[in-house]
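Undergrad: Here it is, the structure in full.
The values are calculated or read from the model by the stated rules, or taken from the named source; none is laboratory data. Predicted model only: the values in this text are computed from it and were never measured. Because the Cβ atoms are built from the backbone with ideal geometry, glycine has one as well, and the counts that use them run over all protein chains shown. Heavy atoms of the whole protein, side chains included, go into the accessibility calculation; ligands, DNA and RNA do not. Shrake-Rupley method; radii C 1.70, N 1.55, O 1.52, S 1.80 Å.
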Amino acid sequence: MASSFLLFLLIFLSVSSFILLSESQKTSKPNRFILQLQKDPKTKLYVTNIYKRTPSQKVPFVVDLNGRLLWVTCEKSYRSSTYHAPRCHSTQCSRADSHYCHICSTRDGPGCHNNTCGVMSMNPVTGLTAMSELAQDVLSIQSTQGSNPGPMVRVPQFLFTCAPSLLLQRGLPSTVQGVAGLGHSLISLPTQLTSHFSSAGFAPIFALCLAPKGVMFFGDSPYYMLPNVDITRPLSYTPLIISPQGEYYMEVKSIKINDKDVPIDTALLSINKQGVGGTKLSTINPYTILHHSIFKAVTQFFSKELSAIPQVKPVAPFGVCFKSKSIKNSRVGLEVPNIDLVLHDKHVMWRIYGANSIVEAAPGVSCLAFVDGGMDNNGASIIIGAYQMENNLVQFDKARSRLGFSSSLLFYKTSCNNFNFTAIP
């Protein structure tokens with residue numbers, strides 16, 4: 001009888017341990033990730049380090065909000081025991097929308113195999129493109145619970161392209177080895193993370209918090225900045241519009257300065273049947289670009305509202321500049337008229353304060369940080385640049401087709417520089 005009881009007890013304890021272990025494994029699966037961002041002082045582009053390859057190696061990439069894939073140069077220093085180039089017409093080729101069989105005339109190696117998938121990679125600054133080899137390799141990314149870095153997590157067969165080094169020759173920081181695209185495509189970084197971790201409850205959401213030492217979040221909120229501020233609480237939302245090219249847009253209905261309507265041609269604010277017009281967001285453009293007629297109206301109206309401040313000769317690429325010492329400082333930057341982007345509803349506005357509308361372009365000279373985009377009618381009428389997004393949380397929620405924005409986090413006594421990158425022991 002005693003032996004039967006002991007046998008039952010052993011079976012019970014074994015089953016209980018198995019159940020507890022299984023539950024622990026379920027709950028320990030990560031559903032949020034982070035990447036640290038650094039602003040390159042020369043190009044004003046944002047750079048992140050991503051761990052790739054076997055053995056793992058830190059690789060610097062420019063972050064392109066609208067890029068459709070991650071590409072890296074492989075010609076000289078790519079070493080990995082887990083590199084694989086999918087064959088032509090494979091499932092991986094279909095995911096990458098590749099219909100071209102890549103042929104290479106030099107010695108086999110990463111980026112150079114015959115009968116593999118050919119995919120176009122692009123330098124987002126110059127627009128230069130080059131045929132590249134579709135590849136798979138290990139990618140590692142840091143998990144988080146929202147306020148600190150957690151363990152590194154591996155994605156074993158991450159799709160990317162091996163691009164020729166000529167794509168790095170102009171426009172990009174000299175330290176980077178490629179571009180990490182966040183656009184709406186099957187092989188962009190956010191989409192592949194969503195696909196790989198979907199069983200762990202990973203949401204198709206990512207967020208940018210741009211600053212000289214900023215952070216990017218993948219997965220749902222909350223996100224915390226020191227001193228323990230949940231920066232998702234002040235978010236307002238507007239519909240997220242995705243173009244046929246996988247680029248991120250939002251609907252701007254009008255522009256206000258000091259709560260007064262700026263007279264602009266509102267037809268330019270809508271996307272027409274040819275895909276022209278509307279308002280796009282970009283991390284590649286350092287400053288917001290406005291169609292010439294919108295630029296003219298905004299700069300004239302802003303200058304009128306700030307008529308008491310002496311203007312000085314403009315510093316390129318800006319059109320309106322002032323004596324810095326004549327503008328008072330406030331807790332959210334310089335004390336200048338607020339600029340409101342009125343969105344899908346007249347009560348929903350993205351307010352741009354002085355910290356995001358005025359930039360010191362030269363010693364003693366502060367300029368309105370908007371650029372004349374000319375009369376070109378081939379793209380967006382407004383391109384929201386990185387400077388206007390700095391110290392704002394901008395969340396791309398593809399699950400709910402909405403764009404979240406906080407306006408300046410400086411009002412909440414924190415900034416995008418304040419993520420605690422100290423790992424929890």
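Undergrad: Out of the residues in region 218-242 that are of a type in the set (Phe, Trp, Tyr) and not in a loop (DSSP other than H, G, I, E, B), which is surrounded by the fewest Cβ atoms within 10 Å (Cβ to Cβ)?
TA: Tyr237
Undergrad: Pick from Pro204, Pro164: which is open to solvent by 10 Å² or more (accessible area, probe 1.4 Å), under 21 Å from Lys398 (Cα atoms) and in contact (Cβ under 8 Å) with a residue 60 or more places away in the chain?
TA: Pro204
Undergrad: I've got another one for you. Taking the stated definitions as given, is Glu247 in contact (Cβ under 8 Å) with a residue 12 or more places away in the chain, out of contact with any helix residue (DSSP H, G or I) (no Cβ under 8 Å at 6 or more places or on another chain) and more than 19 Å from Gly150 (Cα to Cα)?
TA: yes
Undergrad: Read through the list (1) within 22 Å of the chain's Cα centre (by Cα); (2) modelled with pLDDT of 95 or more; (3) of a type outside the set (Val, Ile, Thr), then give the number of the only condition that Asp340 fails.
TA: Just one mismatch for Asp340, condition (1).
Undergrad: Scan region 177-201 residue by residue and report those that are open to solvent by 10 Å² or more (accessible area, probe 1.4 Å) and either in a loop (DSSP other than H, G, I, E, B) or of a type in the set (Val, Ile, Thr) (or both).
TA: Scanning region 177-201 gives Gln177, His184, Ser185, Leu186, Thr191, Thr194, Phe197, Gly201.
Undergrad: Could you list all residues from region 119-155 that are in a loop (DSSP other than H, G, I, E, B), open to solvent by 30 Å² or more (accessible area, probe 1.4 Å) and not polar (S, T, N, Q)?
TA: Val125, Gly127, Leu128
Undergrad: Same structure, new question: Filter region 82-117 down to the residues that are under 21 Å from Leu139 (Cα atoms) and assigned to a strand (DSSP E or B), then identify the one that is most open to solvent (accessible area, probe 1.4 Å).
TA: Arg87
Undergrad: Kindly provide the set of residues from region 343-374 that are open to solvent by less than 30 Å² (accessible area, probe 1.4 Å), within 18 Å of Phe411 (Cα to Cα) and in a strand (DSSP E or B), ordered by number.
TA: Selection gives Trp350, Ile352, Ile358.
Undergrad: Condition first: open to solvent by 40 Å² or more (accessible area, probe 1.4 Å) and either modelled with pLDDT of 95 or more or of a type in the set (S, T, N, Q) (or both). Now tell me which residues in region 243-254 satisfy that.
TA: Once the filter is applied, which keeps residues that are open to solvent by 40 Å² or more (accessible area, probe 1.4 Å) and either modelled with pLDDT of 95 or more or of a type in the set (S, T, N, Q) (or both), region 243-254 yields Gln245, Glu247, Glu251, Lys253.
Undergrad: Taking region 375-401 only, how many residues are within 17 Å of Gly219 (Cα to Cα) and surrounded by fewer than 17 Cβ atoms within 10 Å (Cβ to Cβ)?
TA: Going through region 375-401 one residue at a time, the tally reaches 3.
Undergrad: Is it fair to say Lys76 is of a type in the set (D, E, K, R), open to solvent by 40 Å² or more (accessible area, probe 1.4 Å) and under 22 Å from the mean Cα position of the chain (by Cα)?
TA: No, not satisfied.
Undergrad: Further question on the same structure: Check region 366-385 and report whether any residue there is farther than 21 Å from Ile284 by Cα and of a type outside the set (Asp, Glu).
TA: Yes, region 366-385 contains a residue that is farther than 21 Å from Ile284 by Cα and of a type outside the set (Asp, Glu).
Undergrad: When you look at Pro173, is it at pLDDT 95 or above and assigned to a loop (DSSP other than H, G, I, E, B), yes or no?
TA: yes
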